[in-house]
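The values are calculated or read from the model by the stated rules, or taken from the named source; none is laboratory data. Owing to the predicted nature of the structure, the values given are computational and were not obtained by experimental measurement. No Cβ is skipped: glycine too gets one built from the backbone with ideal geometry, and neighbour counts run over all protein chains shown.
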C-alpha cells in the first residue's frame, strides 16, 4: 500500500504513463472496483468515512457535499461532475503537477466520482495556460473511450459517462465554482447566489458537483484501499495526504505530497531547502494569495484545515508563499491586491469599486505619497469587503492578506506615511 | 402572513417576499439599486444592507442584503442599526468613486435615483481622492443618449433589456471596475422597448435623447395624467410640458395595463404635438379649386361655417377612431345619427363590430394586458403583436417566463431570486403558439410558429377549436401537415391551466377573429369558465368608434363616397381623420373634388386637410381632455397637459359651444346615449373634484420661474390660467397628495424624486395603486352579453389564382401608425418603403433582391424596393402598412407586380432601419 496515493506514478523525468502503463501499475482498479462491486450509495459511504476534505481551498468535507446531490431512479435526468482545474491562485501549482504527471489519475478519479454521483457527463474545466495538461488529458480521455472506461454502458453495467476537457478563457474568478459553471455555460464568469447550491441546480440548472483536481485524484485509492487506510495517511485529524508547495526566496521551491498536517517549518526548512542565503523569513501565506499571513512563530503548527483555521488563516491550497525580510512588503501587498482588483468580476459594488481603491491607497503608501486617509480606508476596507458584505468570497479573500498585514505589521504602513 | 420585526416594531406581512420588497411595501425607506420591482433580486449592488438578528438574544446581528433575504416568519432586522447605516453610506461612497460630479449638467438631475439614495444613505463627504475611470460613450440611435461615465454598474439595464424585454444587443462587457454596458459597437439599440432604459437606469447613463434636445428639469415640467394615442392598448403616460412644448413622455404606472414600461412608439412618438406645420389658426381656402389660396380666417367665421354645414340636409360628418369618445359623440349629436359616419371603411367597421360582438359572448372573458402576463399557454392568431400592440409582446414574454418561476417554486427557490430562477429553467418556457403571417420577433420564444395566409390562419383556428371541442364546426380538406399542427397545438392547449388567446384585426380578416373566438369558446367548456381572449385593435379609440352606435346602424366611409358620387352629399365635415389612409385615393380624390364644401377639424395637416375649404385647428391629446376605450374595453380619461394656444380648440368645441358647458356634461351625455357607455363617467373624477378647495396642480411644487418668466413684460404675477374642463389646474398651487390615480399628473414623494417613487403609491409593490386601477371596464357587465354561438363561416383555403399575388398587411412599430410617424425620431427608425415577396414568386416574376417593383393598387401607382422573405407564404405579397402610402385600400385586389426597370435604390445614408451591427466594421 502506498503512502503517496497522488504522486506514486509521477516521475517528471519521463513522459506520463499511457493507459496500458497506468493499468500495469494498478491503474483503473479503483474505477473497476467501484463500478463492478459497489453501489453508488456504498461508494458515497466510503467517501464520507474517509474524511476527505475539498482540496481547492475551502476544505469542505467532500462526502457531505456530495450527499446533497439528488439520486434518481431510472430514467435518470442528466447530472454533471466538474473538475475544477482552473488553477489560478497566486503561488499555486499543485494541480498542474497532477495533470501533467499522471493525467489518467484525474480521469480515473472523475470516473469513480461520476459513478458515485451517477453523473452522466463530466467536464474538466482547465486553466487556458495549461496547454500541455489539456493535451495530455485529451489523450488520456481518447484512450479511455477506446478502452470502454468512458462512453456507453461502462464495464458492461447500466451506467454511461462522457468526459470533456474545457479550456478556460482565463479569469481567476472561474475558480469560484458557480462562476465556473456560468463560464462553462458560455455566460459571463459571475458567481451565483447560493442557495440554490450547484448540487441541486448547477450546470444548466441540473445537479452538479464541482471539485478540485486534487480532491478527485484521491478517489481511486480511497475506494480501492478504504477509508481507514486514507485516514492513517495523515498526521492529524484531517485525513489523507496533501500536495504542499513552497515558493519565494527558498533554495529549492517545489511541490511535494506529504502527510496532511506536516508543519510549515518542515516544508520550508527540509523540503524547500531553507531560506536563500542572506534572507530571513518575515511572514508567509500558508495556502495561496488569498490566505491571511502567518508569522515565523506559527511555523510549527500542523498545516491542516483545522489548525491553520484556528490561527485565523486558511490552509487554502496548501502552497506556501514565503515573504522574506528584504522584499518591499507594501509593494508585495499592492501587487497582490492589484491581482485581486483586476480579477474582480465587477458584479458587486464593494469588490468592484473597493479593490481598485485599496490598490490605489497601497500605491500611494508605497510611493511615499500616502496619507492617513489612505490608511483609514485600508482599515475600513477590511470591514466593508468582508465575508457576507460581498457577493462571493473573492473580495474577502483579497482582504485576508491585507487584514493580517495591518494586524501584524502596522509599522510597515505607518513608516511609509510622509 | 408572516410576522417580522423591524427596528423593534412588529409587522404582519405577506409570505414569500424578500425583505426589501417587504420594507418598501410597508412604506419604509431603504436604499437600493440593482433590485427592480419587475426584475427581482440579484444581490449585486449591496446597497439594501440591513442588520439581521438570529433571535431575541442576538444583540450583535449580522449584515444581510434585504433583497436576498426572505421575509420569513419571525425575522428580526434593523434598518437603523449604526453599522448597517454606515455600510450603506460606504456602498454609496464606493459607487461615487467613479461617478462624475456632473449633476448640474446631467439630464437625470432632479429625478435621479442615485441622488435620492445618496441623500437617503447620508453619504455627504467624499474621502476618495484618486482618479476616476473613464469610458467612451456610444451612439445608440435616435432615442437614447449614452453617458457611461455615470454608470454605477447596477446591472439593471442589461437585466431589463435582455431578460425582461428579450433584446440581445445591449450587453455587459469588460470586467472589474471597467464593466461596460453598451453594444459591441456603436449603433441603434434594436429593441422596440429601449426607451424604458431611461427609466430603468437609476442614474443618467441612458437618457431620453428627444428630451435632452429640448430639455427641462423634471421639477419644471407641467404634467397631466394621459393615455397613449399610438395603439389600442391604452398604456398610461405622463407627458411633460414647458413653454408650450411637449418635452417628453414617461410611463405612468397602471397595474392592469402597462405596469412600469412603455414601447418606443408611445414614448418617442409625441413630436406631432410640437410640429411647426401643425394648423394653429383657422384656415379658409377661397376661390375656385384651381387657384387655391389659404387665408387665416376669424374663429367666429369658422364656427359659423360649421354650424351652417351641420344644418344642411346634404351634409355628412365623419368622425374618427383616433379621436376621443367625446369628440365623436359631439359630432354625432350635432349632425344626427343618420348623417354621422364613425370614419371607418366598410371592412374596418365589420371587423370592429365583429370584435365587439365577440367580447360580449358569455363564454369569452376579456383579459387585461396584465392578465396576459399570468397565462400559462398563449396562442396568438394572426397578430404580429410586437408591431401592432407592442406592450402586449412584453407581457407575453413574461408569461412564457412564468414556467421558470413555477419550476423554481417546486425546487424551493423563491420567485424573486432572479438569477437562480433563470438558471434552473434554462430554455424551458411556457408554450407560446403563433399562427401569423410571416415570422415575428417572438418566434424564438414560441413553441409553435406557423406562417400562413390569413384564410389559412383562420382555418387552422377553426380546426383547433374543433380539435378541442367536437361540437365546434369542423374544417374540411386540411392538409396532413396542418392536421398534425392542429393536433400538436390542441395537445398544448388541453394541457394548459390558464390558457389565453390573442387575436386581432390587423390582417383585416373577420374569419381570424371568429376562429380565435371559437378556440376561446371551446376552451371555456373545458375550463368551465369564460376563456380569456384579447383582440388587438388598430387605433386608440377603435372600440369606442363602434360602441358609440348600434352595430350595423352607422354608414361606413364607402356609403359617404357613394353619397357624394350620387350627388346626395355635397358638404362634408371630417374630424381628426385622414380619409386617404382608409380609401381608394383616386376615388376619394374625385369625390372630394366634387364636394361643395369640405371642412376638416384636425390637429395635423393631413392630405385630407389639404383638400379642405376650411381647416379648423383641433387640440391634440396634450391640449384637451377626452375618453378612449382601449382594446380590453376599458374607458380611460386623458387630460390636457397644457392650455391650447392660438385658435386651437378641442374638436367638440368647434361644433356647438352652447350645447355643453364643459366636457363633463358632454361625457355625461355620451354615457347616457348608449347602455355600454353608461359608466364612462367613472373613468376619472369630474371637473368639480377638489382637493381641499383647490384644483389638482399640474405643476410640481418646485416649479420654478413662474414669476420671472414674463417679468420683461409685466412684473406682477399673472393669474394662473384657469381650467374649467377638469379637476386639474394649470398651476403649482394646490395639494398633490392622496390623489386618485386617474388624476395624478406625475409620481413624486418626499425623498423619492425619481420614478421609483411609484412604490409610495402602490398598495403593495407591483400591486394596484392606492385608489384602485384607473379607468372603467365597459364590457364585463351582464347586460352586454349576447347569445353564445359557434362561428361557422370557415373560409376556403388560400389558393393562388392566376399570376396576381394576394396582398397581406405587414406592420412596423415605427411607421405603420399615423401620428407617431410624424415624429422625427420615429421617422429615423422607419424602414424604407418596400414590399415583401416570397423568393419563389420573385423568381417567377424575374425579380431579384436588389430590384424594385411597379404595381397599381388603391388608386395609386407604386414603385418600391423588394425584400425577399421566405417566411411569408408563396402567393402572397406583404405590404407594410403606412409606408410609402400603403394603406388598407392598397389591399383590396390581388396585385399584378412587374419589375421596375428604371428603379434605383434610394440615395443617401441608406436605410436608417439597418442597424450598425448589420453593416459590420465599416463604421
Take residue A:177 and decide whether it is under 29 Å from residue A:8 (Cα atoms) and touching a helix residue (DSSP H, G or I) at 6+ places or on another chain (Cβ under 9 Å).
no
Residues of the range B:559-576 classified as surrounded by 14 or more Cβ atoms within 10 Å (Cβ to Cβ) and farther than 20 Å from residue B:349 by Cβ, total:
2
Output yes when any residue across the range A:337-347 is over 20 Å from residue B:93 (Cα atoms), more than 8 Å from chain B (Cβ to nearest Cβ) and more than 25 Å from the chain's Cα centre (by Cα), and no when none is.
no
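Taking the criterion of being free of Cβ contacts under 8 Å to residues at least 60 places away in the same chain and either more than 27 Å from residue A:265 (Cα to Cα) or in the same structural domain as residue A:183 (by TED's automatic domain parsing) (or both), would at least one residue in the range A:405-414 satisfy it?
Step one: list which residues in the range A:405-414 are free of Cβ contacts under 8 Å to residues at least 60 places away in the same chain, which gives A:406-407, A:410-411, A:414.
This time we only want the ones that are either more than 27 Å from residue A:265 (Cα to Cα) or in the same structural domain as residue A:183 (by TED's automatic domain parsing) (or both), so: A:414.
Yes, the range A:405-414 contains at least one residue that is free of Cβ contacts under 8 Å to residues at least 60 places away in the same chain and either more than 27 Å from residue A:265 (Cα to Cα) or in the same structural domain as residue A:183 (by TED's automatic domain parsing) (or both).
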Which of the following residues is at negative phi and without any contact (Cβ under 8 Å) to a residue 12 or more places away in the chain: A:367, A:345?
A:367
By residue number, the members of the range A:377-418 that are facing chain B (nearest Cβ under 10 Å) and part of a helix (DSSP H, G or I) are A:377, A:380, A:381, A:383, A:384
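Output the residue which, of all residues in the range A:348-376 that are within 17 Å of residue B:88 (Cβ to Cβ) and part of a helix (DSSP H, G or I), is farthest from the other protein chains (Cβ to nearest Cβ).
A:351
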Restricting attention to the range B:414-442, the residues that are within 10 Å of chain A (Cβ to nearest Cβ), out of contact with any strand residue (DSSP E or B) (no Cβ under 9 Å at 6 or more places or on another chain) and touching a residue at least 40 places away in the same chain (Cβ under 8 Å) number exactly 1
Filter result for residue B:89 (out of contact with any helix residue (DSSP H, G or I) (no Cβ under 9 Å at 6 or more places or on another chain), within 14 Å of chain A (Cβ to nearest Cβ) and free of Cβ contacts under 8 Å to residues at least 40 places away in the same chain):
no
Residue that is nearest to the other protein chains (Cβ to nearest Cβ) [pool: residues in the range A:139-169 that are exposed (fewer than 14 other Cβ atoms within 10 Å of the Cβ) and farther than 24 Å from residue A:17 by Cβ]
A:169
Strands (runs of 3 or more DSSP E) wholly inside the range B:162-252 containing at least 3 residues that are within 14 Å of chain A (Cβ to nearest Cβ), surrounded by fewer than 24 Cβ atoms within 10 Å (Cβ to Cβ) and at positive phi:
none
Quick check: anything in the range A:198-205 away from chain B (no Cβ under 11 Å) and touching a strand residue (DSSP E or B) at 6+ places or on another chain (Cβ under 9 Å)?
yes
Can residue B:405 be described as within 14 Å of chain A (Cβ to nearest Cβ), touching a helix residue (DSSP H, G or I) at 6+ places or on another chain (Cβ under 7 Å) and within 23 Å of residue B:254 (Cβ to Cβ)?
yes
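Does the range A:172-190 contain any residue that is away from chain B (no Cβ under 14 Å), surrounded by fewer than 19 Cβ atoms within 10 Å (Cβ to Cβ), assigned to a loop (DSSP other than H, G, I, E, B) and at pLDDT 95 or above? Spell out how you get there, then give the answer.
Of the residues in the range A:172-190, the ones away from chain B (no Cβ under 14 Å) are A:175.
Pick out the ones that are also surrounded by fewer than 19 Cβ atoms within 10 Å (Cβ to Cβ) and you get none.
Within the range A:172-190, none of the residues are away from chain B (no Cβ under 14 Å), surrounded by fewer than 19 Cβ atoms within 10 Å (Cβ to Cβ), assigned to a loop (DSSP other than H, G, I, E, B) and at pLDDT 95 or above.
Looking only at the range B:232-245, how many residues end up being within 25 Å of residue B:387 (Cα to Cα) and either in contact with a helix residue (DSSP H, G or I) (Cβ under 8 Å, 6 or more places away or on another chain) or assigned by TED's automatic domain parsing to the domain that holds residue B:816 (or both)? Please lay out each step first, then the result.
Within the range B:232-245, the first condition is being within 25 Å of residue B:387 (Cα to Cα), and the residues that meet it are B:232-239.
Next cut, either in contact with a helix residue (DSSP H, G or I) (Cβ under 8 Å, 6 or more places away or on another chain) or assigned by TED's automatic domain parsing to the domain that holds residue B:816 (or both) only: B:232-233, B:235, B:237, B:239.
Residues meeting the conditions: 5.
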Options B:463, B:481, B:495; residue that is surrounded by fewer than 17 Cβ atoms within 10 Å (Cβ to Cβ), free of Cβ contacts under 8 Å to residues at least 60 places away in the same chain and more than 14 Å from chain A (Cβ to nearest Cβ)
B:481
Scan the range A:214-237 and tell me whether some residue there is modelled with pLDDT of 95 or more, under 19 Å from the mean Cα position of the chain (by Cα), crowded, with 20+ Cβ neighbours inside 10 Å and within 14 Å of chain B (Cβ to nearest Cβ).
no
Flag for residue B:742 being part of a loop (DSSP other than H, G, I, E, B) and outside the structural domain of residue B:32 (by TED's automatic domain parsing):
no
